[in-house]
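For reference, the structure discussed in these notes is given below.
The values are calculated or read from the model by the stated rules, or taken from the named source; none is laboratory data. For clarity, every value in this text was computed on a predicted model and none was experimentally measured. Cβ: placed from backbone, ideal geometry, glycine included. Neighbour counts: every protein chain shown. We work out accessible area using only protein heavy atoms, side chains counted, and drop any ligands, DNA or RNA first. Shrake-Rupley method; radii C 1.70, N 1.55, O 1.52, S 1.80 Å.
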Amino acid sequence: MKQNREHDKIFVGGDLSGIQKFLYNISSHKAAVSLKGRSDYLRQYMKEVCKSIEDAAMKANASGIDEIYSSGGKFYFTANNAEGVTKAIEVCAKGIKQALWEEHRGLLGLSIAYTTYSENPDGTVDIAGLPNCRPGILWEITNRSFAKEKQQKFKDILQDSYEELFNPIAIGEKTKVCAVTGIESSDCIAIDNDGEEIHVLPSVKKQIEIGEKLCREQQTLTFSEYAGNSYLGVLRMDVDGLGKRFIEGFKSIFDYKVFSKRLVDFFETKIAEMRLEKEFKDYINVIYSGGDDLFVVGRWDKVIGFAEKIHNEVERNFKNDGISISGGMVAVKPKFPISKAAELSGEAEDLAKNYNGGEKNAFCFLGITVSWKDEFSTVKSHQERFTTLIREHAMSKSILHQTMLYASIAGHNKQLRSEGKTEDFSYIWHFSYYLTRFAKRHEKDRAIVDFCRELRNKDISGNQGRNLELLGLAARWAELLVREETSINK
């Protein structure tokens, strides 16, 4: 934290850490409403924290408070600096951290940082020892302070409450294990869970009540109802390049404010509007959407479509801002532990973020990562050809399984290549022969014959086996769709 009496402005930031673990580390009890409630609980909590810090600054005679950004566990605002403002912020922050510890016992941590500065007519800023800097330096310094504080985020708590923390905790008759968080506490409250009595922490009860209210208002379903007889899709997405954009991308603080408003409107309003569209309303539940990321559950095929829609809208609204969005989705059975599904979708999201040497702008689904830019549309087109020919031309579904088989061999070849080992390209000729025989079996249907010829002549061997890998993903996608239809028709 830096302060200089010559600087007439102060830049203040707040960062709530532990959000991902807090959101997703829950049991299956009341999972849907707990997740929804926790999401809104965090949103409301950070707005209250931001307001508390702003009020503390105002009481210390700071004026001209201008909120730049508040969403997704972070906030930033500027104000006119005055004597005593920084002390007031520190005292307020300490009280909030203590209350947060008492409520959540380390699951969540809060960092508050500030930097004093002066703004120049050209939009640049002066900070201690550094004149005429780009305004992004304020974010850079503040985020560095966040990172430093996270390394010792409970230092004050440890110093002030040493005996409470390190003395043995007495386990009495009233001590229960919270069915949602797994935390032991004598404060747990009994609630009904579909006819079964379970015990939860008071904060969890509050979150469940928030979630139940939101679910009623938004007419959302249970995870099992979304999945039906099929799979539940669990999706996580995150904006690419936002940190760099904030640090390097704007000429003035006003430009930051304009961009931040667009970003918040997109994630907190536009995403909710998209979920209400006819295609998604009865199939998608947006559990969390704020800051620059989101968490969605729903019927697996609709979740894929929703992810594509989000990407398209990000492309349309933010392409000129130099940002994109990556995501990961897994398809699981509806009773699969949601905490584990969230972890797996997070791993898929990481694969997308690291795609092609960190190029990002990618989507990992059904176990394969593809570029939004030039691969997803290819996979979708092949999937639609597969499903149309099976549905409308009675094409044998065996082509799907054979395509997936040869695609897996191509993937193994890719692994051999990365290890510097000798590759075996015989699968190309085997698959080509299979397609020739398959077309002959359907020789009376020109559409099937033409499709097989296209695959054989163009898509099998191209791009060092990548074309076949993408074709295998399309076959897997189609296989799940037609299997679902078969199950429904039985």
task = With all distinct Cα pairs included, what does the Kirkwood hydrodynamic radius of segment 195-322 come out to in Å, to one decimal, could you say?
result = 16.5 Å
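Explain nothing, just the number: dipole magnitude of segment 1-109 about its Cα centre with +1 on each Lys and Arg Cβ and -1 on each Asp and Glu Cβ, in debye rounded to the nearest 20.
Values: 16 positive and 13 negative charges, 97 e Å.
Roughly 460 debye, rounded to the nearest 20.
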key: Candidate lysines for bridging to Lys440, where Cα separation is under 28 Å - those fewer than 8 sequence places away on the same chain excluded   = Lys380, Lys397, Lys458
query = Out of Trp139, Trp372, Leu110, whose Cα points farthest toward the positive end of the dipole of the chain (charges: +1 Lys, Arg; -1 Asp, Glu; placed on Cβ)?
reply = Trp372
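Can you give the convex hull volume of the alpha carbon atoms of segment 33-77 per residue, in Å³? Intermediate results must be reported in sequence, preceding the final value.
Numbers: hull volume 2.2 nm³, N = 45.
Hull volume over Cα atoms, normalised by residue count, gives 49 Å³.
Can you pull the semi-axes for segment 11-152, root of five times each eigenvalue of the Cα gyration tensor, sorted largest first, whole Å?
Working from the Cα gyration tensor, I get semi-axes of 31, 16, 14 Å.
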query = Which pairs, out of Lys176/Lys206; Lys21/Lys87; Lys47/Lys94; Lys97/Lys251; Lys87/Lys148; Lys47/Lys213, put more than 23 Å between their alpha-carbon atoms?
reply = Lys21/Lys87; Lys97/Lys251
key: Space enclosed by the convex hull of the alpha-carbon atoms of segment 349-490, per residue, Å³   = 110 Å³
ask   = Any idea what angle helix 253-265 forms with the longest principal axis of the chain, computed on alpha-carbon atoms, 0 to 90 degrees, nearest 10?
value = 50 degrees
remark   = At the level of C-alpha centres, the distance separating segment 106-138 and segment 42-64, in angstrom, is 18 Å
ask   = Hey, what angle do you get for helix 466-489 against the long axis of the chain, alpha-carbon based, 0 to 90 degrees rounded to 10?
value = 90 degrees
request  = Would you work out which of Ala352, Ala362, Gln383 lies farthest towards the positive end of the dipole of the chain? Charges go on Cβ: Lys and Arg +1, Asp and Glu -1.
outcome  = Gln383
query = Between the helical axis of 398-418 and the dominant principal axis of the chain, each derived from Cα atoms, what acute angle in degrees is found, rounded to the nearest 10?
reply = 60 degrees
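Please state, as a whole number in µm²/s, the translational diffusion coefficient that the Stokes-Einstein equation yields for segment 318-418 at 10 °C and 1.306 mPa s, with Rh defined as the Kirkwood radius across alpha carbon pairs. It would help to have the intermediate numbers written out before the result.
On the way: Rh = 15.8 Å.
Approximately 101 µm²/s, per Stokes-Einstein.
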query = Gain in length, Leu405 to Asp374, computed as 0.36 nm per residue apart minus the alpha-carbon separation, to one decimal in nm?
reply = 8.8 nm
task = In vacuum, with every alpha carbon of segment 277-373 counted as one equal point scatterer, what does the Debye formula give for log10 I(q)/I(0) at q = 0.13, 0.16, 0.17 Å⁻¹? Two decimals, please.
result = -0.44, -0.67, -0.75
request  = Starting from the residue with the highest accessible area, list Ser408, Ser39 in decreasing order, probe 1.4 Å.
outcome  = Ser408, Ser39
message = Taking every alpha carbon pair in the chain, what does the distance histogram look like in 10 angstrom bins from 0, in percent?
response = 4, 16, 23, 22, 17, 11, 5, 2, 0
key: For Lys94, solvent-accessible area (1.4 Å; no DNA, RNA or ligand), Å²   = 100 Å²
ask   = So what does Ser418 come to for accessible area, using a 1.4 Å probe and Å² rounded to 10?
value = 90 Å²
request  = Taking the Cα centre of the chain as origin, sum charge times position over the Cβ atoms of Lys and Arg (+1) and Asp and Glu (-1), and report the length of that vector in debye to the nearest 20.
outcome  = 1340 debye
request  = State which entries of Lys244/Lys360; Lys150/Lys319; Lys74/Lys302; Lys302/Lys373 exceed 25 angstrom in Cα-Cα distance in the structure shown.
outcome  = Lys150/Lys319; Lys74/Lys302
inquiry  = Can you find, among Met395, Tyr76, Ser260, the residue sitting farthest towards the positive end of the charge dipole of the chain, where Lys and Arg contribute +1 and Asp and Glu -1 at Cβ?
reply    = Met395
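Taking a temperature of 10 °C and a viscosity of 1.306 mPa s, what whole-number D in µm²/s does Stokes-Einstein yield for segment 54-118 with Rh from Kirkwood over alpha carbon pairs? Show your work: numbers first, answer last.
On the way: Rh = 12.8 Å.
In µm²/s, the coefficient is 124.
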